[in-house]
Amino acid sequence: MSIKKSVMISDQTLNFIEERTNCEIAWSKAVNGAFSNLQLLINLNIPNLSDKDWRIVLDVHSGNINLFDSVSYPFRLASDVMDHYGVIDLNDLVPEIQMTVKKLHGLTQAEQYAVYDVVGRFWAKNRSEVDGDFSDILESLTKKSA
């Protein structure tokens, strides 16, 4: 289904599209193609985290990620968790959370962006409209498809 919308294109977005086009710009194709490519990159970079790891990250970012707003770069998921618990020393966390922080610290920037995307989509869902338990919801959000 397609919906016709009127949007303002920022100078940054305009430059992005113009730098990648050598002919007349087909605006719908350019914008939709960019989002399609972004979705592919996200899907390919969703890391394998346990349900417990996801619960910790979701709790830390409880309802407050909107990737259409600016997310500060570089992405620092491990620091987000430590800040949430108010610690600066990894040893001040319980072992389970320490393990999650270590996993998050080892993720690439692309993988961390993919985590932010999953978290944003999780909190954007209306819980009353979602069927299944946490594992089912998480599986639907982290399903890797190319």
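No value in this document is a laboratory result; all are computed from the given coordinates. Here the structure is a predicted model, which means the values were calculated and not measured. Cβ placement follows ideal geometry from the backbone for every residue including glycine, while neighbour counts extend to all protein chains displayed.
Classify the stretch 4-61 as rounded, prolate or oblate from the Cα gyration tensor: take a ≥ b ≥ c as the square roots of its eigenvalues, call it rounded if a/c is under 1.5, otherwise prolate when a/b beats b/c and oblate if not.
Taking the square roots of the gyration eigenvalues as a ≥ b ≥ c, the stretch 4-61 is prolate.
Obtain the nm distance between the two label points defined at residue 7 and residue 121 by a simple spin-label model: each point lies 7 Å from its Cα along the Cα-to-C-beta direction.
Here the modelled spin labels are 1.8 nm apart.
What is the helix-to-structure angle for 109-124, meaning the angle in degrees between its Cα long axis and the longest Cα principal axis of the chain, kept from 0 to 90 and rounded to the nearest 10?
The helix 109-124 is inclined about 90 degrees to the chain.
Label points 7 Å out from Cα along the Cβ direction at residue 105 and residue 34: separation in nm?
Going by the 7 Å Cα→Cβ label model, 3.6 nm.
Could you give the size of the charge dipole of the chain about its Cα centre, using +1 on the Cβ of each K and R and -1 on the Cβ of each D and E, expressed in debye and rounded to the nearest 20?
With Lys and Arg at +1 and Asp and Glu at -1, about 420 debye.
Between residue 27 and residue 59, take the C-beta separation as r, use R0 = 41 Å, and let me know the FRET efficiency to the nearest 0.05.
It comes out at approximately 0.55.
Expressed as an acute angle from 0 to 90° and rounded to the nearest 10, what is the orientation of the C-alpha long axis of helix 27-45 relative to the principal long axis of the chain?
Relative to the chain, helix 27-45 is tipped by roughly 20 degrees.
Taking springs between alpha-carbon atoms closer than 10 angstrom, which of 15, 37, 91 fluctuates most in the Gaussian network model of the chain?
15
Along the stretch 14-20, what does the Karplus equation 6.51 cos²θ - 1.76 cosθ + 1.60 (θ = phi - 60°) give for ³J(HN,Hα), rounded to whole Hz, x for Gly and Pro?
Along the stretch 14-20, the couplings run 4, 4, 4, 5, 4, 5, 10 Hz.
Loop by DSSP (not H, G, I, E, B), at most 16 other beta-carbon atoms within 10 Å: where is the longest site-free stretch of the chain for trypsin sites (Lys or Arg not before Pro)?
21-75
Which one of 93, 137, 7 has its Cα pushed farthest toward the positive end of the charge dipole of the chain, where Lys and Arg give +1 and Asp and Glu give -1 at the Cβ?
7
Which value results when the Cα radius of gyration for the chain is divided by 2.2 N^0.38 Å?
1.22
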